[in-house]
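The values are calculated or read from the model by the stated rules, or taken from the named source; none is laboratory data. Keep in mind that this is a model prediction, so the values were computed, not measured. Cβ placement follows ideal geometry from the backbone for every residue including glycine, while neighbour counts extend to all protein chains displayed. The protein model used for the area step is the full one, side chains on, heavy atoms only, and it has no ligands, DNA or RNA in it. Shrake-Rupley method; radii C 1.70, N 1.55, O 1.52, S 1.80 Å.
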Amino acid sequence: MVSAALPSRLELDPPHDPQLAIQAANEARLNASKVIADSAEPARATVKKDSKLKAASAAALAAPPNRWRQRAEGLIGTVLPPLLGLALLVGLWSIVSSTTGHSIPTPADTWTQAVEVFRDPFYTNGPNDQGVGWNVLSSLQRVALGFGLAALVGIPAGFLIGRFNFLSRMFNPLISLLRPVSPLAWLPIGLLVFKGANPAASWTIFICSIWPMVINTAVGVQRVPQDYMNVARVLNLSEWKIATTILFPAVLPYMLTGVRLAVGTAWLVIVAAEMLTGGVGIGFWVWDEWNNLNVKNIIIAIFVIGIVGLLLEWALVKLASAFTFEEVKS
């Protein structure tokens with residue numbers, strides 16, 4: 001194309017002198033190079049323009065989004081999934097209520113009954129007719145007693161079992177034998193020994209709470225790096241100094257995990273224990289409402305048990321987060 005547009009002198013009038021012929025050929029090549037350079041210049045300009053547009057688009061995409069938009073997206077991501085879960089629960093509940101001929105009350109009827117129940121949660125009309133607030137407090141009192149005794153016994157026992165191999169070999173078979181036993185199987189033993197429903201229920205809580213604390217504490221002690229113990233041996237530290245300055249800070253995350261597991265198990269077991277022992281408590285309230293065929297109050301009790309368990313879990317997570325540097329997940 002370039003050669004056709006600019007014919008050289010050799011094509012128009014070929015010279016007979018060889019030097020003139022060479023000079024003419026060089027001039028033709030030079031002219032062809034200039035034409036090529038002139039035709040490539042617009043293409044370079046187009047490429048530069050496209051590059052600028054691409055850079056502008058990338059900058060627009062990389063720019064941080066609006067702060068309000070970020071907050072709105074974060075709020076939607078936090079609030080929307082739980083609301084959808086609750087809506088799914090209410091929808092399934094309504095379907096079950098309609099298919100059972102309303103023997104299971106509807107969510108609206110249960111809500112109306114809950115408003116009536118919580119209007120006076122601390123009323124007292126005798127030992128077997130008390131408000132839901134008194135029943136929850138009685139259950140929490142039993143859990144606190146049994147759980148506290150389990151912590152006083154289980155955590156030091158876990159330190160000793162994890163610290164000394166002899167004690168570990170001595171108690172491991174007993175723990176493996178007794179830990180799978182259902183806590184309710186210990187309830188008759190408590191009734192026989194303590195001659196009362198309240199101490200028997202606290203005894204059941206004690207038994208079910210002690211194993212997670214013993215096992216997690218012992219495992220935490222056994223996982224303390226050996227270098228720490230070698231330093232303690234070189235410094236000739238006493239056992240008390242080793243326990244308070246080396247073992248306790250290292251074992252604290254394991255110990256708090258055991259405490260969380262224990263309190264969750266205790267709150268699960270107290271409901272079943274109170275159904276069998278009677279008296280005042282959320283478990284007894286559920287059983288009493290079943291005898292009265294008051295299904296609305298049973299459903300209310302289920303939600304109360306769940307909310308109290310959630311609050312206990314949340315409080316222990318906050319406690320664990322305050323005493324450890326590790327992230328504690330619910």
### Summary
Flagged in the stretch 248-264 as buried (at least 17 other Cβ atoms within 10 Å of the Cβ) and without any contact (Cβ under 8 Å) to a residue 60 or more places away in the chain, in numbering order, are Y254, L261
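Restrict the check to the stretch 187-196 and report whether at least one residue is crowded, with 17+ Cβ neighbours inside 10 Å and either modelled with pLDDT of 90 or more or within 16 Å of F147 (Cβ to Cβ) (or both).
Within the stretch 187-196 (the criterion being crowded, with 17+ Cβ neighbours inside 10 Å and either modelled with pLDDT of 90 or more or within 16 Å of F147 (Cβ to Cβ) (or both)), the answer is yes, since at least one residue qualifies.
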#### Entry: Among the residues listed as V214, V153, the single one being closer than 22 Å to R260 by Cβ, open to solvent by 40 Å² or more (accessible area, probe 1.4 Å) and assigned to a helix (DSSP H, G or I)
V153
### Message
Would you confirm whether or not the stretch 301-323 contains a residue that is part of a helix (DSSP H, G or I), in contact (Cβ under 8 Å) with a residue 40 or more places away in the chain and over 31 Å from the mean Cα position of the chain (by Cα)?
### Response
no
### Task
Find all pairs meeting these conditions: Cβ atoms under 6 angstrom apart; at least six residues apart or on different chains; first residue within the stretch 70-94 and in a helix (DSSP H, G or I); second residue open to solvent by less than 60 Å² (accessible area, probe 1.4 Å).
V90/P107; W93/P107
### Summary
So, first residue farther than 16 Å from P156 by Cβ and in a helix (DSSP H, G or I) in the stretch 224-247, second residue of a type in the set (S, T, N, Q) and open to solvent by less than 80 Å² (accessible area, probe 1.4 Å), Cβ within less than 9 Å, six or more apart or across chains; the pairs are A232/T245
## Note on the structure
When the stretch 279-300 is checked residue by residue, the ones that are outside any helix (DSSP H, G or I) and touching a strand residue (DSSP E or B) at 6+ places or on another chain (Cβ under 9 Å) are V280
### Task
Tell me, please, whether a residue that is hydroxyl-bearing (S, T, Y), modelled with pLDDT of 90 or more, touching a Phe, Trp or Tyr at 6+ places or on another chain (Cβ under 9 Å) and surrounded by 19 or more Cβ atoms within 10 Å (Cβ to Cβ) can be found in the stretch 265-283.
no
### Query
So, of the residues in the stretch 264-295 that are touching a Pro at 6+ places or on another chain (Cβ under 9 Å) and of a type in the set (V, I, T), which turns out to be nearest to R163 (Cα to Cα)?
T265
### Criterion (within 30 Å of Y123 (Cα to Cα), in a helix (DSSP H, G or I) and not hydroxyl-bearing (S, T, Y)) met by exactly one of L256, L261, L276
L276
### Message
Going through T99, T112, T106, T78 one at a time, which residue ends up being touching a helix residue (DSSP H, G or I) at 6+ places or on another chain (Cβ under 9 Å) and open to solvent by 80 Å² or more (accessible area, probe 1.4 Å)?
### Response
T112
### Query
Which condition number does I302 fail, the rest of (1) out of contact with any Phe, Trp or Tyr (no Cβ under 6 Å at 6 or more places or on another chain); (2) surrounded by 15 or more Cβ atoms within 10 Å (Cβ to Cβ); (3) closer than 25 Å to A197 by Cα being met?
(2)
### Task
Give L137, L167, L184 a once-over and let me know the one that is at pLDDT below 90, part of a helix (DSSP H, G or I) and surrounded by 11 or more Cβ atoms within 10 Å (Cβ to Cβ).
L184
